[in-house]
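Report on one structure; see the data block that follows.
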Amino acid sequence: MTLDTAAQVRLRITDFPAVADLTFYGDGRDSAFGLAQGAAAYRNITSGSAYVLASNIWSATGCTFNTSGWVTFSGVISANTAFRTRFVHSVFSDEEIGHFTAVGGSVAGAALQAVHALMFDGLKRAKWAAPDGSTYDDTAALAQLKTLYDTLKEELADADVANGGFVSWAEGQGDHW
């Protein structure tokens, strides 16, 4: 079975759809809740189910998931009532993968666009400290993304030379002067 271009890009950047199974508690005021674990909010949700704890049994309930990472129930969840969500999510939406492919022009070019987006996003949260004294440092991830970015740029440059791109043409011009 051959993979379509979007699947090849997802494979290249290891953006496989993943399943999350999280339990939260109602606050007695809201019917909509953001799906997050720690500082990481889930987005690009493609499907989901929710359950409310009733008599020590998880019971399916009516709700909707949106791609931005919110679940909205048909009514307010009572204070301290547990609700469980199971959903499929990914880092990039199908539309974003399509855009990266259109701009990048190839699987490697699309992967380069995706890595660039991750680098830009990573700059916003690479290292921080909260007023409560907790800290977060993910600068090593930025270094890894930079290495991957450089590798992809080199791969694209090599492919350009092999396909007779400008660099290949310009290098050959020195032989004819």
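The values are calculated or read from the model by the stated rules, or taken from the named source; none is laboratory data. The structure presented is a predicted model; accordingly, all values stated were derived computationally and were not measured. Here Cβ is always computed from backbone atoms with ideal geometry, including for glycine, and neighbour counts include all displayed protein chains.
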Residue satisfying all of: in the range 87-104; surrounded by 14 or more Cβ atoms within 10 Å (Cβ to Cβ) and closer than 30 Å to Phe24 by Cα; farthest from the chain's Cα centre (by Cα) among these:
Phe87
Residue tally, condition farther than 18 Å from Leu11 by Cβ, in contact with a Ser or Thr (Cβ under 8 Å, 6 or more places away or on another chain) and aliphatic (A, V, I, L, M), over the range 44-102
9
Please identify the pairs in which a residue from the range 45-58 that is at pLDDT 90 or above has its Cβ atom under 7 Å from the Cβ atom of a residue that is outside any strand (DSSP E or B) and among the small types (Gly, Ala, Ser), counting only partners at least 6 apart or on another chain.
Ile45/Gly69
Candidate set from the range 42-66 (those that are out of contact with any strand residue (DSSP E or B) (no Cβ under 6 Å at 6 or more places or on another chain) and in a strand (DSSP E or B)); member that is surrounded by the most Cβ atoms within 10 Å (Cβ to Cβ)
Asn66
Being surrounded by fewer than 11 Cβ atoms within 10 Å (Cβ to Cβ), within 23 Å of Arg125 (Cβ to Cβ) and not polar (S, T, N, Q), is that true of even one residue in the range 13-22?
yes
Which ones in the range 105-142 are small (Gly, Ala, Ser) and surrounded by 11 or more Cβ atoms within 10 Å (Cβ to Cβ)?
Gly105, Ser106, Ala108, Gly109, Ala110, Ala111, Ala114, Ala117, Gly122, Ala126, Ala141
With respect to the numbered conditions (1) more than 21 Å from Ala159 (Cβ to Cβ); (2) outside the structural domain of Ala60 (by TED's automatic domain parsing), which one is the sole condition not fulfilled by Gly75?
(2)
